[in-house]
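As structure tokens, the structure follows; a few thoughts come after it.
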Amino acid sequence: MFQGFQLSTIDVGGIDIHVRHGGSGPPLLLLHGHPQTHVMWHLIAPALANQFTVVAPDLRGYGDSSKPPTTADHEPYSKRAMANDQVALMQRLGFAQFFVAGHDRGGRVAYRMALDHPDRVLRLAVLDIIPTAEHFRRADRSFALGYWHWFFLAQPHPFPESVIGADPDTFYLNRRGADSHRVFAPEALAEYRRSWNNPATIHAMCEDYRAAATFDDAIDESERGVRRIECPLLALWGEKNHLHTWYDVLAVWRDWADDVRGRALPCGHFLPEEAPEETLAEFMAFFGT
């Protein structure tokens, strides 16, 4: 996987970010989701590298990146903190401005980055998400049952960590259904399992969700209708997943940004691994312009 890419660990101000990077052309930052690592991009990153300089890091708390101590307000695992890491990473690599695409949790980091650093983000793609505050404000029985893990992982330490730590593979491999993990290539799944069998990673991922339910939600709510995403935004989602049955995805994003486009792809939640050709084509058309 990732033939021709370089693997580095870069200090971004007291936080080490584990990152693969390669290719040439305009910089494109790819941010992974939960409970994965940067490896989730392995099917499309090599093709993207023919046209872009591709940067695929592990978010703080995930994979082989730093897992800093938390605080009572969970700020160290907020999407703002994660976004600041990635802006610093791109600066260290020599990129003052760049494109960014994020899936799942990485999508939340990506749109926060576009709001906090509008001078940095030229184009933004978000995969299978709407803004965090929109989920919580629109929550109903269907959302609570479909995304039950949001509420479980956000419970106080050490309850979710203890439950997951008793058998991490069972929790992560079955959270979206008994066969959901079959969409992962064996090499990718081995990497995810290596990461999530680390107690420090389990704790960090719970902190990510605690931050979402508190720190992140409060920021989003305070900025709803006040700040807008200035760059063009591409929203993609899986037609076999829940998102479009709960929300008019493009309409929600148009409450946050002026230039919005997107569509459903013929897959479930893990777009770059379930529908790599379609995801690649959308990225090439959107970022290639």
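The values are calculated or read from the model by the stated rules, or taken from the named source; none is laboratory data. Given the structure is predicted, the values throughout are model-derived calculations rather than measurements. Ideal geometry is used to build each Cβ from the backbone, glycine not excepted, and the neighbour counts take in all protein chains shown. Surface accessibility is based on the protein's heavy atoms, side chains included, excluding ligands, DNA and RNA. Shrake-Rupley method; radii C 1.70, N 1.55, O 1.52, S 1.80 Å.
Quick check on the stretch 251-285: of everything there that is more than 29 Å from residue 182 (Cα to Cα), assigned to a helix (DSSP H, G or I) and touching a strand residue (DSSP E or B) at 6+ places or on another chain (Cβ under 7 Å), which residue is least open to solvent (accessible area, probe 1.4 Å)?
253
Within the stretch 113-129, how many residues turn out to be open to solvent by 10 Å² or more (accessible area, probe 1.4 Å) and either in a helix (DSSP H, G or I) or of a type in the set (Val, Ile, Thr) (or both)?
1
Give the residues of the stretch 256-289 that are charged (D, E, K, R) and either in contact with a Cys (Cβ under 9 Å, 6 or more places away or on another chain) or without any contact (Cβ under 8 Å) to a residue 60 or more places away in the chain (or both), sorted by residue number.
258, 259, 261, 263, 273, 274, 277, 278
Residue-wise test of (1) over 26 Å from residue 197 (Cβ atoms); (2) within 20 Å of the chain's Cα centre (by Cα).
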{"residue": "5", "(1), (2)": "no, no"}
{"residue": "15", "(1), (2)": "no, yes"}
{"residue": "19", "(1), (2)": "no, yes"}
{"residue": "27", "(1), (2)": "yes, yes"}
{"residue": "45", "(1), (2)": "no, yes"}
{"residue": "51", "(1), (2)": "yes, no"}
{"residue": "59", "(1), (2)": "no, yes"}
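Go through (1) aliphatic (A, V, I, L, M); (2) more than 28 Å from residue 245 (Cα to Cα); (3) without any contact (Cβ under 8 Å) to a residue 60 or more places away in the chain one by one and return the number of the condition residue 200 breaks.
Looking at each condition in turn, residue 200 falls short on (3).
Conditions: (1) among the aliphatic types (A, V, I, L, M); (2) open to solvent by 20 Å² or more (accessible area, probe 1.4 Å); (3) more than 19 Å from residue 279 (Cβ to Cβ); (4) touching a residue at least 24 places away in the same chain (Cβ under 8 Å). Residue 190 meets all but one. Number of the miss?
(4)
Determine, yes or no, whether residue 264 is more than 17 Å from the chain's Cα centre (by Cα), more than 29 Å from residue 119 (Cβ to Cβ) and among the small types (Gly, Ala, Ser).
Judged against the criteria, residue 264 is a match.
Could you tell me whether residue 199 is open to solvent by 70 Å² or more (accessible area, probe 1.4 Å) and either touching a helix residue (DSSP H, G or I) at 6+ places or on another chain (Cβ under 8 Å) or over 19 Å from residue 62 (Cα atoms) (or both)?
yes
Okay, residues lined up against (1) closer than 22 Å to residue 69 by Cα; (2) without any contact (Cβ under 8 Å) to a residue 12 or more places away in the chain:
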| residue | (1), (2) |
| --- | --- |
| 159 | yes, yes |
| 172 | no, no |
| 176 | no, no |
| 181 | no, yes |
| 204 | yes, no |
| 207 | yes, no |
| 215 | yes, no |
| 220 | no, no |
| 223 | no, no |
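Could you go through the stretch 146-156 and let me know if any residue there is open to solvent by less than 70 Å² (accessible area, probe 1.4 Å), in contact with an Asp or Glu (Cβ under 9 Å, 6 or more places away or on another chain), within 22 Å of residue 249 (Cβ to Cβ) and not in a loop (DSSP other than H, G, I, E, B). Write out each step before concluding.
To start, the set of residues in the stretch 146-156 that are open to solvent by less than 70 Å² (accessible area, probe 1.4 Å) comprises 146-147, 149-150, 152-154.
From what is left, the residues that are in contact with an Asp or Glu (Cβ under 9 Å, 6 or more places away or on another chain) are 153.
From what is left, the residues that are within 22 Å of residue 249 (Cβ to Cβ) are none.
No, the stretch 146-156 has no match at all.
Out of curiosity, is residue 289 surrounded by fewer than 14 Cβ atoms within 10 Å (Cβ to Cβ), in a loop (DSSP other than H, G, I, E, B) and not aromatic (Phe, Trp, Tyr)?
yes
Table: residues versus (1) of a type in the set (A, V, I, L, M, F, W, C); (2) over 18 Å from residue 41 (Cβ atoms); (3) open to solvent by less than 30 Å² (accessible area, probe 1.4 Å).
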position: 82; (1), (2), (3): yes, no, yes
position: 91; (1), (2), (3): no, yes, no
position: 95; (1), (2), (3): yes, no, no
position: 98; (1), (2), (3): yes, no, yes
position: 102; (1), (2), (3): no, no, yes
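Residues that are under 21 Å from residue 185 (Cα atoms) and among the aliphatic types (A, V, I, L, M): find the strands (runs of 3 or more DSSP E) completely inside the stretch 1-68 holding 2 or more of those.
Result: 27-31, 53-57.
Can you name the residue in the stretch 85-112 that is assigned to a helix (DSSP H, G or I) and without any contact (Cβ under 8 Å) to a residue 40 or more places away in the chain and, of all such residues, is nearest to residue 267 (Cα to Cα)?
Per the stated criteria, the residue is 87.
How many residues are β-branched (Val, Ile, Thr) and in contact with a His (Cβ under 7 Å, 6 or more places away or on another chain) when one looks only at the stretch 156-214?
Start the filter on the stretch 156-214 by keeping residues that are β-branched (Val, Ile, Thr), which leaves 163-164, 170, 183, 201-202, 214.
Of the ones still in play, those that are also in contact with a His (Cβ under 7 Å, 6 or more places away or on another chain) are 214.
Residues flagged as β-branched (Val, Ile, Thr) and in contact with a His (Cβ under 7 Å, 6 or more places away or on another chain) within the stretch 156-214 amount to 1.
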